[in-house]
1. Explain nothing, just the number: dipole magnitude of the range 62-135 about its Cα centre with +1 on each Lys and Arg Cβ and -1 on each Asp and Glu Cβ, in debye rounded to the nearest 20.
2. Per residue of the chain, what 222 nm ellipticity follows from adding -39500 (n - 2.57) for every DSSP H run with n ≥ 4, rounded to the nearest 500?
3. Give the average over all directions of the projected area of the C-alpha convex hull of the chain, one decimal, in nm².
4. Put +1 on the Cβ of every Lys and Arg and -1 on every Asp and Glu Cβ in the chain; which of Val166, Thr128, Leu10 then has its Cα farthest towards the positive end of the dipole?
5. Sort Ser29, Ser122, Ser16, Ser133 by accessible area with a 1.4 Å probe, largest first.
6. Mind checking the dipole of the chain: about its Cα centre, +1 per Lys or Arg Cβ, -1 per Asp or Glu Cβ, Debye to the nearest 20?
7. If contacts are Cα pairs under 8 angstrom and at least 6 residues apart, what is the relative contact order of the chain in percent?
8. For the range 51-119, with equal point scatterers placed on the C-alpha atoms only and solvent neglected, what are the log10 I(q)/I(0) values from the Debye formula at q = 0.15, 0.17, 0.26 1/Å, to two decimals?
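The values are calculated or read from the model by the stated rules, or taken from the named source; none is laboratory data. Please read these numbers as outputs of a predicted model, since none were measured by experiment. With ideal geometry, Cβ positions are generated from the backbone for all residues, glycine too; neighbour counts draw on all protein chains shown. Each accessible area value is taken on the protein alone, full model and side chains, heavy atoms only, with ligands, DNA and RNA left out. Shrake-Rupley method; radii C 1.70, N 1.55, O 1.52, S 1.80 Å.
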Amino acid sequence: MVLIEPIDLLATASDSAAVQAAALGPVPSDRFAVLTRHVRYPDFAAFGALDCGRLVGFAYGAQCVPGQWWFDQISRGLSATGHGAWLPDAYAVTELHVLPSHHGAGVGFRLLTTLLARTPASVALLSTYDTESPARVFYRRLGFRDLVTRFRFDVTPQPFALMGAVLPLAAVSADGAGSSVEMPQPAAESS
């Protein structure tokens with residue numbers, strides 16, 4: 001049985017790097033320095049999926065505030081496309097990775113819903129590759145929607161999709177349990 005529980009992200013940095021590499025590919029060389037910054041962000045939380053004590057997945061995030069690299073990058077894209085109302089009171093899903101051997105078993109669902117159930121934020125934001133990947137389908141099933149597509153961060157030519165969901169999630173698990181409803185817009189967003 002896979003258990004979801006809080007983890008010390010810095011203490012498990014090498015294990016989480018192995019999960020991330022298996023799920024996504026090589027990890028940046030400055031990963032530990034980045035994690036050291038992230039754990040100090042407001043409302044930071046990290047959860048791990050443990051299978052017989054072995055880390056098989058993890059998710060972490062924090063409240064979005066100006067001055068954070070990712071938030072400052074996405075702010076320009078969201079504002080320029082009329083989605084600036086998603087920025088105040090947003091929680092960033094910074095990382096979510098699951099070993100391929102555990103895909104389709106509800107591990108990512110449990111990690112993400114556990115992470116977002118504990119935040120007081122009204123919306124969640126994330127970025128993912130701008131392809132019709134299994135990850136993007138997964139996020140949509142949990143109530144995330146595309147806010148900006150073909151977004152480019154300053155450090156890579158890779159296009160990303162910026163996605164958002166109103167909290168609490170209208171989640172549908174891998175086995176179809178839960179409720180699926182149309183997600184409302186943040187109150188201040190213009191059409």
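1. In debye, rounded to 20, the range 62-135 gives about 180.
2. The helix contribution divided over the chain gives -8000 deg cm²/dmol.
3. Projected over every direction and averaged, the Cα hull of the chain covers 10.5 nm².
4. Thr128
5. On the way: Ser29 130, Ser122 50, Ser16 0, Ser133 25 Å².
My answer, sorted largest first, is Ser29, Ser122, Ser133, Ser16.
6. So the dipole magnitude of the chain works out to roughly 120 debye.
7. 19
8. -0.61, -0.72, -1.08
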